[in-house]
Every structure is written in structure tokens, then in C-alpha cells.
1. When the stretch 14-55 is examined, which residues are found to be within 27 Å of residue 173 (Cα to Cα), open to solvent by 30 Å² or more (accessible area, probe 1.4 Å) and in a loop (DSSP other than H, G, I, E, B)?
2. Kindly list the number of the only condition in (1) under 18 Å from residue 6 (Cβ atoms); (2) open to solvent by 10 Å² or more (accessible area, probe 1.4 Å) that fails for residue 173.
3. May I ask you to list pairs of residues, at least six apart or on different chains, whose Cβ atoms are under 6 Å apart, with the first in the stretch 141-162 being within 23 Å of residue 176 (Cα to Cα) and the second being polar (S, T, N, Q) and in a helix (DSSP H, G or I)?
4. Do any residues in the stretch 66-80 that are over 21 Å from residue 38 (Cβ atoms) have Cβ atoms under 8 Å from those of residues that are open to solvent by less than 30 Å² (accessible area, probe 1.4 Å) and not in a loop (DSSP other than H, G, I, E, B), where the two are at least six apart or on different chains, and which pairs are they?
Amino acid sequence: MIKGLGMPYMGSKRKLAPEILNYIIQQNPNCKYFYDLFGGGGAISFMALQYPQIKQVFYNELNTGVCELLKKIQKDGVADEMYNWIDRETFNKHKNDNDWFGGLLKTCWSFGNNVEKGYMFGKEVEPIKKEAHEYLFANGYDKTTKTRNALIKQFKLDKNIIGIFQLQQLQQLERLQQLERLQQLQQLEISNLSYKQVQIATPIEETVVYLDPPYRNTEKYQHDINHEKLLEWINASQYKIYLSS
């Protein structure tokens, strides 16, 4: 079983996904339909796809750009154009766009994968980061971690750079690239709705709903949530619901 898949996203459950899904399946051996209503980076949905007993996985996310990025990867894979350098001006101009490019900026080019924090690199280091980015592609970068690390090491030697030097955007893009290996990705149902708008009509005894909303008293996400209304919705539902908090 492939582990740890997910688009870069603030609050991602990528590392916890195997543990979370193993627990849910142990508690619900008849589960065939899985709804991830605050899908975010998709880690929980991608893990659920890998369980043979689960026949259908529904990923829902309110952030339109992130949904469009996932649809783009599902249809076309991680295209070469996604690896183009993005400067600060382009980021600020398009970071809130509701297309796949806006989603790419939110997940791979924002500081901490939180678009509200701004561009990944500070102004003083942006030029050298761009130079390194272009150096890697001019010298055989094949979108793998091993080659990236080797080329960065050589770049540091050439530029006499001491200490840690990373190209975080390439690390994030390599994580997107891993999704292409997940054959079940084509089966994922993607929606861009409020959690309350998702129509759940599968058999109650065969369905699990998973919620990972923005937590109380934590850093604000692009879309905030009323936790009292969420609890009312949970209490009114007939379905088995798991809530991360």
C-alpha cells in the first residue's frame, strides 16, 4: 500500500492518514463509501482509495482552486508547465484565482501552504532561488529527490553557499508528481461545495463520513467555519461521522 500521499496543504493529514484510515476501517468493516467533506490536500481521500473494500471515495473541498488543481492532475497528470518558475508578482496577481493555476500557487508556492501568508520566498532570497531553480532544469533535473539534492549540492559549491539551501517549491511539486502513481485516482469523485451541500445518499450501514475542518483558535484558513453550525449538522445526520479536532 502506498503511504503518505497528498497535495501540500496547511493542516495536512498526510503523515497521519494510514493510522486514521486503519482505525476507521477496523471500526467499520462494512464501509464501502467514504466521504471526505473537508478534503484539503486530499491525504485522507487518497489513503481511502487504496482500501479494496471501499468502492467509492468522495472528496469535497470549498477552495475552488485546489479542487481544480486536483481535477487537472486527475485528467492530465502533473504537466511540465507546473514546474515553471513563479515570481512574486505573478503569485500576488493570481493566488486567489479559481482555476488550477490558482490552486497550484496555494499549494506549492505559498509560505506554509497558506496563501494568506504570501509568497514562499522573501524578497532578498528570491533572485538566488530563481537562479537555482533554473540551474536544476538546465542540468538534468528529472523531478526526483535524489537528483534535486545532488544538483543543489553542486549549485551551492558553485555559488559558495554555506548552510541549508532548499527549493521548497520543487519538494512540493514532487509530492504532486507522486499522485500519478495512484491508479485509483481516476475513481475519485471531486466536488467543490460547502459540507452541507454534499448529497450523501449511500446506504447508512456502508458509509463513513470524515470531517477535518479548520480547528478552533488556530490560524485562519481562507474559508472560516462556524463550529456551532457544524456540530448541529453532525448531530442531525444519520451517518457515522468521524471528526478530527
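The values are calculated or read from the model by the stated rules, or taken from the named source; none is laboratory data. This structure is a prediction, so every number in the text was calculated from the model and none was measured. Cβ placement follows ideal geometry from the backbone for every residue including glycine, while neighbour counts extend to all protein chains displayed. Remember, those area values only see protein heavy atoms, side chains included, never the ligands or the DNA or RNA. Shrake-Rupley method; radii C 1.70, N 1.55, O 1.52, S 1.80 Å.
1. Answer for the stretch 14-55, where residues must be within 27 Å of residue 173 (Cα to Cα), open to solvent by 30 Å² or more (accessible area, probe 1.4 Å) and in a loop (DSSP other than H, G, I, E, B): 14, 15, 16, 38.
2. The number of the failed condition is (2).
3. 141/147; 143/177
4. If the second residue must be open to solvent by less than 30 Å² (accessible area, probe 1.4 Å) and not in a loop (DSSP other than H, G, I, E, B), the pairs left are 78/173; 78/176; 78/179.
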